[in-house]
Amino acid sequence: MSRRVKEMLKENNELEQQLSDEGRKVLTDIVVYLRGVPVSMYEQEKVRRDIIQMLIDGEKRGTSAREVIGEDYREFCDSIVAEIPHMSRKEKELAFIRDTLPALIVLLVIWCAGRLAEVLAGVLPSFNCPVTLGNLVGGILLLAGAEGLITLLTKYAFESSRSFDRKWGAVLVIVFIAAVCANYLITYKVFRIHLGLAVVLTLAIFVAYRILDSNVD
């Protein structure tokens with residue numbers, strides 16, 4: 001994230017410590033919901049700062065968070081979001097890429113570690129490792145599942161139904177199992193890549209992520 005976002009995030013974290021446990025719990029749900037709206041992190045932190053101050057002022061008056069914000073937290077958040085600038089299409093795309101790259105890097109590290117173990121164990125005859133269709137399909141499913149999980153957590157931050165949690169939890173488990181099965185059962189070799197090149201590619205993606213993260217709010 002950009003320097004100004006980091007500074008505001010630090011300030012907000014320090015300011016949040018003045019809240020009671022109840023106030024922090026309410027704030028956490030609100031922040032999770034805000035993370036899913038199409039506004040920049042900088043704008044989200046500005047809103048977060050204002051809400052923290054509202055809750056602090058309310059607690060000083062002996063007013064609960066629910067009394068300060070109202071019964072409908074979602075409506076409260078939507079009314080605020082409607083008044084602040086939304087990201088452009090380009091900004092949304094850059095933010096999506098930035099948020100997806102860490103998961104991709106983790107998958108690549110796991111793949112490289114797995115192939116290295118296979119080479120050392122003699123399963124693979126050389127460092128020129130095959131990339132199977134299962135690897136690609138499984139990776140895509142895992143990335144989609146991770147993105148879906150984040151979307152659910154943000155969109156339904158105020159949802160407390162256990163049946164809701166079980167339903168979507170089951171869906172995510174099925175996606176994970178499908179990804180693992182695809183990775184191991186679909187063995188068609190799409191191409192080969194030297195393990196050293198795969199490591200370099202992973203490092204390059206990590207560098208790209210750090211550059212993007214430092215320039216996107």
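The values are calculated or read from the model by the stated rules, or taken from the named source; none is laboratory data. Only a predicted model underlies this, so the values are computations on that prediction, with no experimental measurement involved. Heads up, the Cβs are rebuilt from the backbone with ideal geometry, glycines too, and the neighbour counts pull from every protein chain shown. Just the protein is used for accessible areas: all its heavy atoms, side chains included, with ligands, DNA and RNA removed. Shrake-Rupley method; radii C 1.70, N 1.55, O 1.52, S 1.80 Å.
Scanning segment 36-75 for residues that are free of Cβ contacts under 8 Å to residues at least 40 places away in the same chain and surrounded by 18 or more Cβ atoms within 10 Å (Cβ to Cβ), we see that the one that is nearest to Ser214 (Cα to Cα) is Gln44. Meeting the requirement of 1 or more residues that are closer than 30 Å to Glu93 by Cβ, the helices (runs of 4 or more DSSP H) wholly within segment 1-76 are 3-16, 21-34, 41-60.
Among the residues of segment 79-98, those that are more than 21 Å from Met1 (Cβ to Cβ) and open to solvent by 70 Å² or more (accessible area, probe 1.4 Å) comprise Ala82, Glu83.
Yes or no: Ala121 over 17 Å from the mean Cα position of the chain (by Cα), of a type in the set (Gly, Ala, Ser) and surrounded by fewer than 16 Cβ atoms within 10 Å (Cβ to Cβ)? When the stated conditions are applied, Ala121 passes them.
For Leu149, the conditions (1) assigned to a helix (DSSP H, G or I); (2) more than 24 Å from the chain's Cα centre (by Cα) are fulfilled apart from (2).
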